[in-house]
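Encoded as structure tokens, the structure appears first; notes follow it.
The values are calculated or read from the model by the stated rules, or taken from the named source; none is laboratory data. Keep in mind that this is a model prediction, so the values were computed, not measured. Cβ placement follows ideal geometry from the backbone for every residue including glycine, while neighbour counts extend to all protein chains displayed. Accessible surface areas use protein heavy atoms only, side chains included; no ligands, DNA or RNA. Shrake-Rupley method; radii C 1.70, N 1.55, O 1.52, S 1.80 Å.
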Amino acid sequence: MLLHIGAFRLDVDSERRSPWHDLIPSTRVLCMVLMVFAIALTPNGQWKTWGLYGLGIVTLVILSQVTFSALAKRVGVEFIFIGVVLLGTLFQRSGEVVWQWGWFQVTTVGLTNLVSVALKMLLSLTMVNILILTTPIPALLHAIATLRVPPLLVAIMASMYRYIAVLADEFQSMRRAALSRNLMNSRKTQRLVIGNMVGSLFIRTYDRGERVHQAMLARGYTGLFPQAEIPKGSWRDGVAITMVAALAIAGQMFYIQGR
Amino acid sequence: MTELLLMSISSFQAGSRMLPLAMHIPDGFLSLPVILVTWILAIALIAICLKRAQFEYQERTVPLMGVCAAFIFAAQMINFPIPGGTSGHLLGGTLAGALLGPWAGSLVMVVVFMVQAFLFQDGGITVLGANIVNMGLIGTFGGYYLYAAIRKSLGWNSLRGIGVGAAVAAWASVVVGSIICAFQLAISGTVPLPVALSAMASWHVLIGIGEALITVTALGFIYRTRPDLIYKAPKKAIANRSMASR
């Protein structure tokens, strides 16, 4: 795939050696998806289940030797942005009233909801971020291609990934140009300038797409990228997937049996 | 160099995600039935979009959809003031629909949401289907057909038809998307309907105005400079194009 110059990287920990890094990328993606679905689909209030999953994820954090500060920073920032939405889960009418202030009341159901959703979010964010911090993006794209995501979709994602940095840069420089010409000083002109910027950048983008296409044709492109060799899994991958699946099922058992 | 770029990208993202994030549902907010139904809808949409876009753009699909997705991603990072005192950013669904058509436009938006969910955790993995339905299916696909209907009734080739169509469609797609999102949250039992509706809808009525203004300005710019790039281009573009030497 054409993934080299100018593309950004998120994988600060991809060069380490650990049991987690020994797994092929598609196994890691599969483990992540299994875990996230198990976490997110657990009904509210199942503390034991999330306790078990939490233990599993903490083990993974230690095993994968992921840089803790980088992980905490990413999860923290993402958590804060979602936090606003979280507050909405508190407003429930049913359940015992724990605290009341005018029309605003905090009920047991509301509290259970809030803490459950927050826990689910925290666990799944941590899981996804472990994957992102330890696996290079091109490897991730290859991995999802081997997991039967349509090749055309993956190819589009790959070429998008290649150009995000380029286009973000073009937007930045256009904005800087407008700022330095004093065009951004009133709210109305600001909107006008940004609208025109978006328009003119689309024209450039479309032309760039045509140019890229010509360049690809010149290099023998026939409609899809040639697939690089798929890394073969070993017994470790089988064991890892089995363990994650067992953990996911064990967690679900807590409340299914409890009924 | 890459470090610097990444920093600018992430700070960009962080800044832009401040408020209108409400439409990107995170993991853990939706229940199994809602997730199932939205995933089925989303997968059907993706399958048809891939087929139609491939048919329309042939082997230009990959480079063209790729750069266009990167364009939408970059455009979403820019904050602009919206009437009412706060700031918002473009979602770009209707813009993508008006420029690339409903199929390719939806495909571009789907790719943007997937990359946002996987690489930037902007929206969850399990709820990706719901996010695609709310912003891709309704925002782009619904947005396009509303735009096309208005454009048809006001004059297919006129700037007025395109402008009014895009403005109404952009505003409506954002508001309707947020209302559907509120219903999904309520059905899942996460946020009660009145709270979700009032918080989401009232906020997105404002966001939608910003969306409409930027969409119309951008389309107006393209209409004046390169009208042939508008999907089903106005007549003057076709006439000009055949005379211009390329």
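Screening the candidates A:A158, A:A139 for the property of being among the small types (G, A, S), in contact with a helix residue (DSSP H, G or I) (Cβ under 8 Å, 6 or more places away or on another chain) and at the interface with chain B (Cβ under 8 Å from one of its Cβ atoms) yields one hit, A:A158.
Any idea which of (1) assigned to a helix (DSSP H, G or I); (2) more than 11 Å from every other protein chain (Cβ to nearest Cβ); (3) touching a residue at least 60 places away in the same chain (Cβ under 8 Å) is the one B:G220 doesn't satisfy? It is condition (2) that B:G220 fails. Under the condition of being under 19 Å from B:T140 (Cβ atoms) and either among the hydroxyl-bearing types (S, T, Y) or in a loop (DSSP other than H, G, I, E, B) (or both), the residues counted in segment B:189-206 number 0.
Going by the structure shown, is A:V239 open to solvent by 50 Å² or more (accessible area, probe 1.4 Å), closer than 22 Å to A:R148 by Cα, more than 7 Å from every other protein chain (Cβ to nearest Cβ) and at pLDDT 90 or above?
Considered against the rule, which asks whether it is open to solvent by 50 Å² or more (accessible area, probe 1.4 Å), closer than 22 Å to A:R148 by Cα, more than 7 Å from every other protein chain (Cβ to nearest Cβ) and at pLDDT 90 or above, A:V239 comes out as yes.
Within segment A:12-27, the set of residues being assigned to a helix (DSSP H, G or I) and open to solvent by 20 Å² or more (accessible area, probe 1.4 Å) comprises A:P19, A:H21, A:D22, A:P25, A:S26.
Tell me, yes or no, whether segment B:154-177 has at least one residue that is of a type in the set (K, R), buried (at least 24 other Cβ atoms within 10 Å of the Cβ) and either touching a residue at least 24 places away in the same chain (Cβ under 8 Å) or in contact with a helix residue (DSSP H, G or I) (Cβ under 6 Å, 6 or more places away or on another chain) (or both).
no
For segment A:178-192, the condition holds for no residue, the condition being that it is in contact (Cβ under 8 Å) with a residue 24 or more places away in the chain and at the interface with chain B (Cβ under 7 Å from one of its Cβ atoms).
Just so you know, in segment B:96-121 the residues that are polar (S, T, N, Q) and crowded, with 24+ Cβ neighbours inside 10 Å include one that is modelled with the lowest pLDDT, and it is B:Q121. For segment B:104-112, the criterion of a residue being facing chain A (nearest Cβ under 8 Å) and not β-branched (V, I, T) is satisfied by at least one position.
Going through A:V128, A:V98 one at a time, which residue ends up being within 9 Å of chain B (Cβ to nearest Cβ) and either of a type in the set (S, T, Y) or touching a Gly at 6+ places or on another chain (Cβ under 9 Å) (or both)? Result of the check over A:V128, A:V98: A:V128. In a residue-by-residue description of segment A:186-194, the property of being of a type in the set (S, T, Y), part of a helix (DSSP H, G or I) and either buried (at least 19 other Cβ atoms within 10 Å of the Cβ) or assigned by TED's automatic domain parsing to the domain that holds A:R28 (or both) applies to no position. Here A:S200 does not qualify as modelled with pLDDT of 90 or more, of a type in the set (G, A, S), open to solvent by 30 Å² or more (accessible area, probe 1.4 Å) and not assigned by TED's automatic domain parsing to the domain that holds A:T59.
Looking only at segment B:62-77, residues that are more than 7 Å from chain A (Cβ to nearest Cβ) and within 13 Å of B:G105 (Cα to Cα) come to 1 in all. Evaluated against (1) under 20 Å from A:T27 (Cα atoms); (2) part of a helix (DSSP H, G or I), A:F202 falls short on exactly one condition, (1). Would you mind stating whether B:G88 is on the phi > 0 side of the Ramachandran plot and either in a helix (DSSP H, G or I) or not β-branched (V, I, T) (or both)? No. Just one residue in the set A:L131, A:L183 is part of a helix (DSSP H, G or I) and among the aliphatic types (A, V, I, L, M); that residue is A:L131. The set of residues from segment B:174-206 being farther than 19 Å from B:V37 by Cα and among the small types (G, A, S) comprises B:A196, B:S198, B:A199, B:A201, B:S202. For A:T42, are the conditions met, namely being buried (at least 16 other Cβ atoms within 10 Å of the Cβ), of a type in the set (S, T, Y) and out of contact with any Asp or Glu (no Cβ under 7 Å at 6 or more places or on another chain)? Spelling it out, A:T42 is indeed buried (at least 16 other Cβ atoms within 10 Å of the Cβ), of a type in the set (S, T, Y) and out of contact with any Asp or Glu (no Cβ under 7 Å at 6 or more places or on another chain). Could you identify the single residue in A:I62, A:I57, A:I80 that is at the interface with chain B (Cβ under 10 Å from one of its Cβ atoms) and either in a helix (DSSP H, G or I) or closer than 21 Å to A:L141 by Cα (or both)? Sole residue among the options that is at the interface with chain B (Cβ under 10 Å from one of its Cβ atoms) and either in a helix (DSSP H, G or I) or closer than 21 Å to A:L141 by Cα (or both): A:I80.
Counting just the residues of segment B:67-86 that are out of contact with any Phe, Trp or Tyr (no Cβ under 6 Å at 6 or more places or on another chain) and small (G, A, S), which one comes out surrounded by the most Cβ atoms within 10 Å (Cβ to Cβ)? Of everything passing the filter in segment B:67-86, B:A69 is surrounded by the most Cβ atoms within 10 Å (Cβ to Cβ).
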